[in-house]
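I have placed the structure first, in the form of structure tokens, so that the comments after it can refer back to it.
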Amino acid sequence: MSLVVEDRLACAETETKQLARVCLLSARKTRDRVTDAAIYEIEDLIREFDHADLLTYERSPDLSRQVYTTAYQITRSRRLSNWITPGFNAVQELEHHYDLFFVVFRNIFELQALKSLKNWRSRCKKAICYIMESWNNDEWLQNRLYLLEPLKHFDAIYLVTNNSTNEIANYTQCPCVYLPFGVDTLRFCPFPSFPERGIDLASLGRRSSITHTALLNLSQSTDFFYYYDTAANLRTMKPQEHRIMYANLLKRSRYFIANYSCVDEPAKVKGNQEIGYRFFEGAAAGTVMIGCPPASELFRQSFDWDDAVIPMPFNAPEIAQVIADLDAQPERLDRIRLNNVVGSLQKHDWVYRWKKILATAGLSPTAEMQQREAYLHQLSDRMTHQANASECDH
């Protein structure tokens, strides 16, 4: 495995160069699934509104993780298992010191990627990681706690899923905090162009076969445009371009199905209803979301406005009637779309998440971050003002 230092984003090159204070470690050279594009969106935005170097590794850590797991199960020795486990080709050392080391992991099985960077801990004053998914009843947490060892080197651990924060904190003795997902709200925001919503309903990722069949029948018997996946484990050639396409698709969709994470795996969830990515993306694009929102206070805090999601069973054979009932309430639909976009601009842009992470590391927001945050609030005020003016005209 080799590491590559990526060039700073083009927009940053036009400004006065400043020594990077953040070191990012990215898996973008080894993972190309469309679901990973959201992670690379976080990294790209950090490089836009902060001063960061991005390092990539070019070989998957899966082999090292598998060998380490087997070695530990046999020897029960972490030191011996680390010695047996193959390293990465061309392991890189950081050339200068950073204020913060930050890495996003899809799950704990990727922690072996830290072996690709020899001196990341000694060269960085603070180290924080962000884990996209973990479940406290998964086999890995019950029988493979030794895989969490690398987390003990971090100053703070953030989790997108809340259910296992206590277990990970107890094992690592490291602060482990829930931090909800975010989105590039400026990319997903339909204002000011307000493109025509020619897609009647979009459904991506996990779905109910019952609901899907009902929507297929509706699309074949009426003038109803139903957009859905026709392949699994999709890969993308350019993650940034995928996010542009995805945002444009949602900005042109009237309805969007959003359910809590792993809604079709009750044995995995076991009552832990987590906020899936779709809620943040669908709201930011101004769709009317229908589905199963998490029955949790965390969800109510994140989406604290009326009708953020129209509740609908996962298996919904009567979805055509649900849509027909909503279509008969155009003023309500307009209000839902406005509230979703405005709420997202004010609460769910990645700049707010990064600001919290920086505070944990004892770092101040950059001028670029302050400018972005101010613009987000200006944009939400303009949208609200325009909507109120439109109501007065009627």
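List of remarks:
- The gain in end-to-end length when the Asn166 to Glu58 segment is fully stretched comes to 35.6 nm, 0.36 nm per residue minus the alpha carbon separation.
- Computed from the C-beta positions of Arg300 and Gln18, the FRET efficiency with R₀ = 45 Å rounds to 0.65.
- Extension reserve of the His97-Asp327 stretch, reckoned as 0.36 nm per residue once the Cα distance is removed: 77.1 nm
- In terms of its alpha-carbon gyration tensor, the stretch 293-368 comes out prolate; a/c meets the 1.5 threshold, and the first ratio a/b outweighs b/c.
- For Glu58, the residues whose amide H sits under 5 Å from its own are Ser2, ignoring neighbours fewer than 5 places away on the same chain, with H placed 1.01 Å from N.
- Cut-off 12 Å (backbone N to label point 7 Å along Cα→Cβ of Gln173), residues of the stretch 145-159: 152-153
- Residue-wise HN-Hα coupling along the stretch 108-120, computed from phi with Karplus coefficients 6.51, -1.76, 1.60 (Hz; x: Gly, Pro): 6, 5, 8, 4, 5, 4, 5, 5, 6, 10, 5, 10, 4
- Thr230/Asn315 FRET efficiency (R0 35 Å; Cβ-Cβ; nearest 0.05): 0.95
- Highest average first, the peptides 178-184, 282-288 ordered by how many other beta carbon atoms sit within 10 Å of their residues are 282-288, 178-184.
- Net +/- balance of residues flanking Glu93 in space, Cβ distance below 13 Å, scoring K and R +1, D and E -1: +3
- Spacing of the two label points (7 Å from each Cα toward its C-beta) at Arg382 and Glu265, in nm: 4.2
- Around the amide H of Val177, modelled in the peptide plane, lie the amide H atoms of Ile157, Tyr158, Leu159, all under 5 Å away and 5 or more residues distant in sequence or on another chain.
- All other residues whose Cβ lies under 9 angstrom from that of Tyr158 are scored, Lys and Arg at +1 and Asp and Glu at -1, for a net of +2.
- Simple point charges give the picture: +1 on the Cβ of Lys and Arg, -1 on the Cβ of Asp and Glu, and for the stretch 203-347 a dipole about the Cα centre of about 520 debye.
Each value in this text was obtained by applying a stated rule to the coordinates, not by laboratory testing. Note that the structure is predicted; figures quoted are calculated from it, not measured. Cβ atoms come from the backbone with ideal geometry, glycine included; neighbour counts cover every protein chain shown.
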